[in-house]
Each structure stands twice: as structure tokens, then as C-alpha cells.
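K.L.:
My questions will all concern the structure given below.
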Amino acid sequence: MTKSSTDKRFLGGWILAILIFEGCVELKPQIAADPPHSDSSAIGEPSGSDGANTSPAPNDPPTSGDAPVSGDNLSPISPTPIPSPRPDDEPESPIVPTAPTVHLLGEGTMASYEAGDRPRAGWGEMLSQFLSPSVRVINRAMTDNSSRKFYFDQDRWPSISPQINPGDFVLIQFGLSDQLSGAQYDASGTFAYCSDGTTEAETCGDPDHSYYRILKNIVGQIFQMGAVPILVTPVVRNQFVPGRDTLDQEAMHNLQTNKPGEEFPRGNYPEAMRELADRYDIALIDMTKHSKRVVEVNGHELTETLNQPTSASQLEVPLATILAKMASLTIRRSNHNATEELRAYINSEPCFAVFPDEFSLGRREVGTYELGKLAVLAFDMGATNNTLTIDASDGLLLSQRSDFPTWLQSISFDYFRGEIIASVHTRFTATNLGSYNGGFDSIIDQNHYSTVNVSAFVTPTPPSEDIPPPDDNITPPTATPFSVRWFSGASTASIVHGPVSAQSATLSDCELGTPRKLIVENDQERTVMRVSVGGEGAEIQSDDRYIEFVMSAGNNMRIDSLSTWLTSSGGSFVQAEIEYSLSPDFSESRRITNDALSFEKDVMVQLQFPLNIEVPPTQSLYMRIFPFNPPGGSGKYLAIYDYMVEGEIL
């Protein structure tokens, strides 16, 4: 199926996305290998073309402090011998199989969260719903967990490992926090293969900072315990190539650019894990590929609703649930011998998810329309091949394309292997005055699965003069808070929470440059967008060079605050001013910054401005950042992260 491009007229509303895929990537079949020699210390020696062992036994125990020391000197467990038959007069008692225990070791995208943390979630906490109730899932994943920190911290692997028993399954996912640098490198950072810049991990002279070698140590100890390791590559970051619905290489944890102060690039973390799994015949779930597929099909706008808006690597409940299902499907469809027992406990209950489940569009003027997207995903829907039909209520239409749409009342999609991932666009037209209540119904094989409710209040335009004055005895409605974010990752798209509409940020007489990793909130490294200023010779300031943010509500709106992170990049001289107006031509604008903002090169600064801007129902708010070079300046970029406007609908 051809992926639809993002609608350039997207107003921060909603789009209906239906994703169809032909199945998850299967676990790699077990590679035949000679059993290790009695004196071998390998996890499971790779074999050459003649079946003989072709590499020396790995032996690189950790060397830091009181860390575990027996990780590399391990062999896979031997098969359980077949017991001799009992005499005829001693019938064997029936054996009742015991459901396995599944341990989850990993980072924040796998972790469990409290109700107060919602909508943040980890896919590990969603996994149990796709397993038999008899399976015990112990989620030991936690935020800020890198392979190095987990392995060497006495409160982590050394205290967890004694609780793993023979026959348990252990899912292992690291890679995000392994990329930490600067002051955090010593405790958490690793290179995918080796800190000398090579991919020769087996002979790396710095194994304590080798992602590959640390994973190998953990896996080796799990084998020695008689348990079954399953490697899981890291979830992608929500980090797109500018202007495209394609993830960049760093989003897929392939770091080929040197971090500040480092001599070599970190390398490709998922590929290092795949090579380890291939070399030692370890079961693998390629979560990087799974998450890449879902994120890229959905594009910028929908992915912002799947991930936490403040982080490119935090999940919300919908995406966490999707990835948990994909992990369980990968195991169930695996033909790896090590996962055979666990496969019997993967359930095949239908799973149908629609998010968000409702849209409140607020006030819309008659004759206007709203475009959007919505996600629909389904798994294990019974028949191998089937059809999903989406029916729209009056006032709503559907299209498979955004560039040259053909709007229909109903659209059908064929899907395969009982799974759905696809994309469809929606349109609401404000026709009749007053309240509107409609929706989209999802139907499969004549069975109704979901309704997405759509509500709005259609007002006349221009406002009627016959509307009576307000009754002072009527209690005014409670103000509704809202927030709108732009540049919260490698995207200019708006992220809206509350009953407002917002366009993507637009640029005039400037363009997006290459994103850069910089330190922002809580000393965390984030992907920051950079806007070109013009470099040496650019005029001091131009009214035609700006970044613009536009938002409206169709109701009385009060803007309470503006916050953002800014700095100069590619030079130390870029400055900026911020202004706002209620006119599309930006006439009668007012300054938010009293003086021009100055910065130290590549040092992000958080700026906060208390505001009190009243925006009438018939107007929009226009904000502009004007970047420029002072006389003699030669700065190249203004770096911007998490531009956020907050307020209330009155």
C-alpha cells in the first residue's frame, strides 16, 4: 500500500490512519553450531563452513569495582536427558506443565509507570495482556538504564540475577541511554562495538564501554542460570528528516557523527545487537524495525500523539500497546528453538485499537472545514484476509490521499494476516448552525468494532447581531486550559492539547538546517532544530526573516505564558526578538522581549515569559521569532526547542 503524504493544510486537528502490515519480522532461526568443548567458555560457539569452531572462546569479564565477574565464562545449558521408562507396575504420574516466568530488563520505553505518570507508558507493562494469564511477567526495566549502568550498578544486575531461575525467559533491551555523553559517559555511555571506532567488538580493548560486549556478558550469565535470553533492539526515536516522513539515522540509533569531545562516532547499536544474536544464535525481537514501520507510516502529526510530546524517546499508551503486541507476535511466529515453550503461552485474542477515541473541535464557523488524522490498528482479527470498512456520519468525509483527495462517505481496505496498519484522511465541514455530533464507525465482517465520536459547535459568520446579551444570572463556564508546542523534536508540526487549533510553524526568508544534539531540560541531550540566519553579511534585522506560529480557538482565548529553549549555533553571534500580533499581516505588533536575546554558542537557554493576551473568537494569535546577526556577526543558525504557548479558553 502506498503511504499518503502529509496534508500541508493540517491544522493541528485529526487524521484517520489505518495501518496494514503483513506481519512482524520473525525471530532468526537457530543456527546450527557444534556444542562447546568441555573447557569452552563461549555463550555458544559460532561454526565455520566445516562445522568446526572458528573463533576463540570469548573471555572478557567486567573489570569495574564489585561488578559481576563471571559473565563471559559461560556455556549454553545442555538438553535435559530423557528419563528411562518406569516398570509396568509403576505408572508414571501425569506431568502438569508450569507456565514460564518472563523477566524484562531494559530502559524507559520498556518500563512500567504509575497512574500519575499517564499518558506515559512502556511496552513492557502492556505485554502481559498478550500472554496467558498463567505467565508471570516481572518488569525490571527502568528509566535512565543503559547496558553499562545496569550491568555494573550493584542495585541492578548483581541484585536481580540471583532471582532468575532455570527455564525463565529474559527479554533484554538497551541502547537509548547508552548514547549519553559528556559527564554521563563514564557511568552510562557505551560505543556500539568499541571505543576505538572499529566494529571488532570481540577483541575490543575497552570492553567496559562496549555495548556488544556488555550484552554478551549478560546473555552468557543468563545461559549459565539455565534461563533463555531474548535480545530486543531499542525503540526508534521520534526524529524525522526535516520535511519528510522518514526517520533519520540517529532516530534508528545509528550514530555516525562524532559527539562533542569524542574522537570516533558511536556506531550502530541495533546492528551490534543483531550481530551478537546471529553469532551466538540468540533469539531476537527487532523492535527498531517494528517501531520504525509504525512511526514512518503515521508520519509527523500522528506520531506526536503516540509519543510523549516532551521527548523523542518516551511512549504514550497507544504506541506502547502496539509495540507490546508486535513483540508477542514476533515470539509466536518465531521458529527459534529457544522460544518454543514460550510460544505456547502467546494468546491470539483479537486486538483492535483506535486513538484518540473522540475529537472535540470546539467552535467552527459555518462553511469552514477541518482536516485531520486518526490511528486504527488491529491484530489477530481472525480471518487471514478480510476487509475493514469505515463509515462516516453526515458532515464527515474520508480520503486515502491528502494531496489530491477524493472525499467519500465510506472507504474499505483489504488487509492480510488479521492485521491492520494504514492511512486515511478525514474532513469535517461545518454546515448547520448549532451542536454537531457524529463519528466514524469501523466495521469488519459486519461486526462493529469502534466509533470515534466527533463534536463541534457551528457558529454563524459574521456573528449575528440578533444574539441577545448574556444573562448575568447564568454562571459562566469554567475556563478550559490548553497548550500548544512546536519544535519539540525534529519537526515543525504543532502538538495541541485542548480545544484549540494550531498550524505547523512556518519560515520566511530562512530555512531549516541540519538538526543537532544539544543539552536541554534536566541536562538531557535532545535533537534540536536549527534555522538558518544567513551567516556573515546578513543584514542586522529584517521584517521578512522570521519563524511564525499561528493558533486560534473559535472562542475567547487568553494566552498566559510562553516558554522556549533558544541558542546561537554554528557561531556565537545570532540574536533574536519575539513579537506577537492579532492581524494576519502582523500589523500593530507588540514585543514580548524587551531587548534582543543573546546567547553563548550551542548552550541552550530556557526562556519564560508571563503573558496576558486576550484573543477574540474571530481572530487568531500570530507570534514571530526574528533571528538576526548584529553588526559584524557571522552566526549561522538559531537553535530552537520546545516552543510552548499555554492559556485558557474562556
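The values are calculated or read from the model by the stated rules, or taken from the named source; none is laboratory data. Predicted model, so just to flag it, every value in this text is computed and none were measured. Because the Cβ atoms are built from the backbone with ideal geometry, glycine has one as well, and the counts that use them run over all protein chains shown. These area figures cover heavy atoms from the full protein model, side chains too; ligands, DNA and RNA do not enter into them. Shrake-Rupley method; radii C 1.70, N 1.55, O 1.52, S 1.80 Å.
K.L.:
Could you list which residues have their amide H under 5 Å from that of Ile421, counting only those 5 or more apart in sequence or on another chain, with H placed in the peptide plane?
P.N.:
Residues meeting the criterion, in which the H sits 1.01 Å from N, are Leu19, Ile20, Phe21.
K.L.:
Could you tell me the center-to-center distance, by alpha carbons, between region 114-186 and region 407-440 in angstrom?
P.N.:
Using only Cα atoms to place each centre, the spacing works out to 39 Å.
K.L.:
So for the pair Thr246, Gln446, with labels modelled 7 Å out along Cα→Cβ, what separation do we get in nm?
P.N.:
With each label point 7 Å from Cα toward Cβ, the separation is 4.6 nm.
K.L.:
A follow-up question, please. Report the FRET efficiency, 1/(1 + (r/R0)^6), for Asp278 and Glu349, where r is their Cβ-Cβ distance and R0 is 30 Å, rounded to 0.05.
P.N.:
0.40
K.L.:
Report the per residue volume, in Å³, of the convex hull enclosing the C-alpha atoms of region 581-650. Walk me through the numbers before you get to the answer.
P.N.:
Working: hull volume 9.1 nm³, N = 70.
Dividing the Cα hull volume of region 581-650 by its residue count gives 130 Å³.
K.L.:
Residue by residue through region 498-504, what is 3J(HN,Hα) from phi via Karplus (6.51 cos²θ - 1.76 cosθ + 1.60, θ = phi - 60°)? Round to whole Hz and write x for glycine and proline.
P.N.:
For region 498-504, the Karplus curve yields x, x, 10, 10, 8, 7, 5 Hz.
K.L.:
So, taking all protein chains as they sit and a 1.4 Å probe, how much accessible area belongs to Ser494, in Å² rounded to tens?
P.N.:
Around 10 Å² of this residue is reachable by solvent.
K.L.:
Rank Glu579, Glu263 by accessible area, highest first, at a 1.4 Å probe radius? Don't skip to the end; give the middle numbers.
P.N.:
Details: Glu579 30, Glu263 145 Å².
Of Glu579, Glu263, the descending order of accessible area is Glu263, Glu579.
K.L.:
Hey, rough spin-label estimate for Ala187 and Gln409, points 7 angstrom out along Cα→Cβ, what's it come to in nanometres?
P.N.:
Simple spin-label model gives 6.3 nm for this pair.
K.L.:
Sticking with this structure for a sec: Along region 149-163, what does the Karplus equation 6.51 cos²θ - 1.76 cosθ + 1.60 (θ = phi - 60°) give for ³J(HN,Hα), rounded to whole Hz, x for Gly and Pro?
P.N.:
Those phi angles translate into 4, 5, 6, 9, 6, 5, 8, 10, 4, x, 8, 7, 4, x, 8 Hz.
K.L.:
Something else now. With a ≥ b ≥ c the root eigenvalues of the C-alpha gyration tensor of region 325-414, is it rounded (a/c under 1.5), prolate (a/b larger than b/c) or oblate?
P.N.:
On the way: a/c = 3.42, a/b = 2.61, b/c = 1.31.
Prolate.
K.L.:
Amide H of Val236: which non-local residues (sequence gap of 5 or more, or other chain) have their own amide H closer than 5 Å, using H built in the peptide plane?
P.N.:
Ser291, Lys292
K.L.:
Could you give the length gained by full extension between Ser598 and Glu525, i.e. 0.36 nm per residue of separation minus their alpha carbon distance, to one decimal place?
P.N.:
Numbers: separation 73, 0.36 × 73 = 26.28 nm, distance 2.16 nm.
Fully extending the segment from Ser598 to Glu525 adds 24.1 nm.
K.L.:
For Leu611 paired with Asp544, estimate the spin-label separation in nm (one decimal), with each label point 7 Å from Cα along the Cα-to-Cβ line.
P.N.:
2.6
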